[in-house]
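Participant: This structure is in structure tokens; I'll ask about it shortly.
Derivation of every value follows stated rules applied to the coordinates shown; laboratory data play no part. As the structure is a prediction and not an experimental result, all values here were calculated from the model. Neighbour counts run over all protein chains shown; Cβ positions are idealised from the backbone, glycine included.
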Amino acid sequence: MAPPLKKQHFDSTTRSPTTISTTLPNRAPTDQAGDPPVPANLPNVPLDIHFEIFRYIHPRDLIAVARSCKPLRDILLDKQLSQPTWRRALSYATMLPSAPEALPEPVMAVLLYEPTCTKCRNALPIASRVDWELKARFCASCREASVTCFPSGTKPELCCGVLAHLVVPTQFASSSGASGCYLTSEFNLAKAKVSRMSAQERTTFVSNKQRQMEDLRSYARECRKFEEAQQRERLERDKMVKVQRAKLIRERLFSLGWGEELAVLKAGDSPLEQHPVVDVPEVLTDTAWLEIRPVLEAFLQKHRATQKAKHQAHLKKASKARFESARKMEEGLKGGKENAQPQRKGKGQKGSVGGHKRNRG
């Protein structure tokens, strides 16, 4: 995880800057050319007005506000001032209990609502996994570089007989098949810190940290349950948006005269609903329609040509079948006549011969 960033905030009484530390990734705009201007009197707005506004803001929006300018960032990252605000926002949005001491509220909000890699800040899929015990979300390459996993049946030590999982955030039973994983940087930091302690200091430190790690692991289980519920809701919501999008697209295509093709491509699981520009969980806007309309008309034109070719092939096949049937029928009738003609001739000849014999008699 990225090292803590040193930030300043204005004290609520003296307005004098003091240094604080935070792990919220720094995305606030700098004072470079082209950045949006920050109101000059913003730091002078009373803090109670700021926090009255923050009471009604979603955690996702609190992150955006913290990154909008340095004064607001300093206010929202001051633990003493803003912790109740973050806790209230997260409680209303997630219905989760308050985050443990080992997991700061701003970090938790970023993990919940911002699918980006904690280290490289690259965007990740919305459903990418959060390592709650490690307080991070990694892409594949950063995870390999930042996380150390130990094999099953082993518990690595820091030094002086102190087990790492007692003081370092550790994720047990990982999907990789290892017994557990921890952040390499935190392991090294804790090892250096423990090595400089006396025996009494080490005992007190381990006791406090062990309680924090137990709280963190318990809270991580609750976060994973919430994450799974959010994923189910997201899938259901995306499904409804896709259905509504496909319905609106059909209506617009029908008004353009593609009713015959749409009748063939019945609503539901048809190639039209599976088209990449249709099967998207996004609301159909007028701008989006103008972009995808040529693509869909080309698709329907191709479908019309395909259907026409199939229809012509079917007609040709049916015509050939009728011709073959008529030919066989004609051959059958012709053969029947040829077989019946000699029989009638034989009967006449017999009667004639008999008549001659009777006449002679």
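Participant: Calculate how large, on average over all directions, the projected area of the Cα convex hull of region 42-139 is; give the answer in nm² to one decimal.
Facilitator: On the way: hull surface 26.0 nm².
Quarter of the Cα hull surface area: 6.5 nm².
Participant: Further question: What is the calculated FRET efficiency for Leu47 to Gln230, with r their C-beta to C-beta distance and R₀ = 35 Å, to the nearest 0.05? The partial results should precede the final answer.
Facilitator: Details: r = 32 Å, r/R0 = 0.93.
My answer for the efficiency is 0.60.
Participant: Restricting attention to the alpha-carbon atoms of region 236-322, what are Rg (one decimal) and Dmax (integer), both in Å?
Facilitator: 15.6, 54
Participant: Under the Kirkwood approximation applied to all pairs of distinct alpha-carbon atoms, what is the hydrodynamic radius of region 117-273 in Å?
Facilitator: Values: mean 1/r = 0.0513 Å⁻¹.
That comes to 19.5 Å for region 117-273.
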